[in-house]
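Asks: Take a look at the following structure, please.
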Amino acid sequence: MTAAVVTGLGVAAPNGLGTEAFWKATLAGQSGLAPLTRFDPAQYPSVLAGEVKGFVAEEHIPSRLMPQTDHMTRLALAAADWAIGDSGADLRQLPEYGMGVVTAASGGAVEFGQRELENLWSKGKEYVSAYQSFAWFYAVNTGQISIRHKMRGPSGVLLTEQAGGIDAIGHARRHVRKGTPLVVSGGVDAALCPWGWVPQIASGRMSTVTEADRAYLPFSTDACGYVVGEGGAVVILEDAASARERGAPRVYGEVAGYAATMDPAPGTGRPSGLRRAAENAITDAGLTPQGIDVVFADAAGVPELDQAEAAAITGLFGRRAVPVTAPKTMTGRLLAGGAALDVATALLSLRDGVIPPTVNVRVPAPAYGLDLVTGQPRDTNPSSALVLARGYGGFNAALVLRRTEN
Amino acid sequence: MSATTTVTLTDLTRMLRESAGEEEGVDLDGDVLDVPFDELGYDSLAMLQVIGQIQREYGIRLPDEAIAHADTPHALLTLINTSGEVPQAG
């Protein structure tokens, strides 16, 4: 079976706009978590967020697209442009039906939707944008990327909350294996508006701590929930042979294994399906746990979820047997963008042979038995990575990435 | 609400830009009066958005069927300015 490889990355993250700015900040341990400014969160219990800074939409998005997109889709279009540019692919040389788009979404473009619903009830239906017909929609990032780049191949959108970034890439890999040479995948989310905020508060998992360096401490005894951020990553997935044929300038790595599972219904007493997802993804990659050099954790920051994830990791690898990291401590959890950004981070980790740190967690809870990479990056020259993600509602996803010979 | 009784090409191009942006390579300030909207880069949804803005700004109602046939700025302006519903100055 043909190998699916990543040939391009586009990153928009709270601690860095653009892949290299993000990677530099991540290795330096620079966090993008801060008090929310996009709207006034004073009336809500959670007031911190990871906002993407310095993004001037007009510099990236043509004026024709401005009225029909919101912040989320503009970030996604910019990240897609960067990823395509990074891949060096000349899209005019590729068949339109040989290029697809599969992205992850959580609530759609809720900022756009909120504004138009406000117009509807405060001013009347005449004031609702005609673009509300699609601009808020879950599939809007996939659709806009597809239209902009004339990618008419198999496309779609996956909604499994935080697991979506991995599920999208797993699905994109299926399309590559079935013969679509190039698929744009990943996820970019931005729901920093009241309509995006309130449902997450209702999950009971958001941190209410107001100090940015104490609010999101996964695997710590002080874990108190997570901070939400915006952004994510777009990846270009290609058939290894066609990437080679067109002379792709670089291959970040192979998407070697993928698996997804569902958690059992609450109250059944059965364990989370996360370990099974990880196990299946490793098997799918033709590896054993000993072949994994680093784990990028889902890192919910909620004690019982941290405990379940630590149990899945130590159950599979043994106690303190594999380095585990959560660079999302610098960005917050990015909903549909989160796992996609972790995949990009893991690929950069393989490229440069260094594991980025988990920040702000000074001492991981000893009971979890994790070898958490804290404080400084670790130069262990990893050649394979396991990325884990869980989405609210019981979704588990795992992806195995492997360095390839360029 | 406009203070004039006539909607001009300048008014229309402003509303096109505000509602649906401007296609790269198209100069709306040029001689566009008789250029079909689709050649100017405005699809049916963009036209729906622009017509919504015209109706809000000028307090008029335009019939859906008529809009479908007004496929150039000239035709649309004629429709607007003969609709008999454009309010008088003041």
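Asks: Give the separation of the Cα centroids, segment A:233-269 to segment A:283-332, in Å.
Replies: Here the answer is 18 Å between Cα centres.
Asks: Within straight cross-link reach of A:K24, meaning Cα distance under 28 Å, which lysines are found once same-chain residues fewer than 8 apart are removed?
Replies: Cα-Cα hits under 28 Å: A:K53, A:K328.
Asks: Which order, highest average first, do A:325-332, A:253-260, A:187-194 follow once you tally other Cβ atoms within 10 Å for each residue and take the mean per peptide?
Replies: A:325-332, A:187-194, A:253-260
Asks: Still on this structure, please answer the following. Rounded to the nearest 20 Debye, what is the dipole magnitude of segment A:344-406 about its Cα centre when Lys and Arg each give +1 and Asp and Glu each give -1 at the C-beta?
Replies: Dipole about the Cα centre, nearest 20: 120 debye.
Asks: Which of A:W197, A:W121, A:W136 moves the most in a Gaussian network model of chain A with Cα springs under 10 Å?
Replies: A:W121
Asks: Pairs of alpha-carbon atoms within less than 8 angstrom and 6+ residues apart define the contacts here; what relative contact order does chain A have, in percent?
Replies: 23 percent
Asks: Next question. Nearest 20 debye, what's the magnitude of the dipole of the protein assembly as shown about its Cα centre given +1 on Lys and Arg Cβ and -1 on Asp and Glu Cβ?
Replies: For this selection, approximately 1920 debye.
Asks: Here's another thing I want to ask about it. I'd like the distance between the alpha-carbon centres of segment B:2-64 and segment A:154-230, rounded to an integer number of Å.
Replies: About 39 Å separates the Cα centre of segment B:2-64 from the one of segment A:154-230.
Asks: Projected onto the charge dipole of the protein assembly as shown (+1 at Lys/Arg Cβ, -1 at Asp/Glu Cβ, origin at the Cα centre), which of A:Q93, B:T13, A:G164 gives the Cα projection farthest towards the positive end?
Replies: The one lying farthest along the dipole's positive direction is A:G164.
Asks: Which one, A:V11, A:V322, A:V228, has the greatest fluctuation when you compute a Gaussian network model over chain A with C-alpha springs under 10 angstrom?
Replies: Greatest mean-square fluctuation among the candidates belongs to A:V322.
Asks: Under 17 Å from the Cα of A:K123, which aspartates and glutamates turn up, not counting those fewer than eight places away in the same chain?
Replies: Straight-distance partners of A:K123: B:E57.
Asks: OK, next. Let me have the relative contact order for segment A:172-256, percent, based on Cα pairs under 8 Å that are six or more residues apart.
Replies: With pairs under 8 Å counted, the relative contact order is 39 percent.
Asks: Based on the Kirkwood radius over alpha-carbon pairs, what value in µm²/s does the Stokes-Einstein equation return for the translational diffusion coefficient of the protein assembly as shown at 20 °C and 1.002 mPa s?
Replies: 90 µm²/s
Asks: Along the charge dipole of chain A, Cβ charges K/R +1 and D/E -1, which of A:L335, A:G225, A:V295 sits furthest on the positive end?
Replies: The residue sitting farthest along the positive end of the dipole is A:V295.
Asks: Now, a different point. Which of the trypsin sites (Lys or Arg not before Pro) found in segment A:132-226 are in a DSSP loop and have at most 12 neighbouring Cβ atoms, other than their own, within 10 Å?
Replies: Sparse-neighbourhood loop trypsin sites (Lys or Arg not before Pro): A:K150, A:K178.
Asks: While we're on this one: About its Cα centre, how strong a charge dipole does chain B have in debye, to the nearest 20, once Lys and Arg get +1 and Asp and Glu get -1 at the Cβ?
Replies: With Lys and Arg at +1 and Asp and Glu at -1, about 560 debye.
Every number here is computed from the coordinates shown, using simple stated rules; none is lab data. Note that the structure is a prediction, hence the values are computed from the model and not measured. Reconstructed Cβ throughout: ideal geometry from the backbone, glycine too, with neighbour counts over all protein chains shown.
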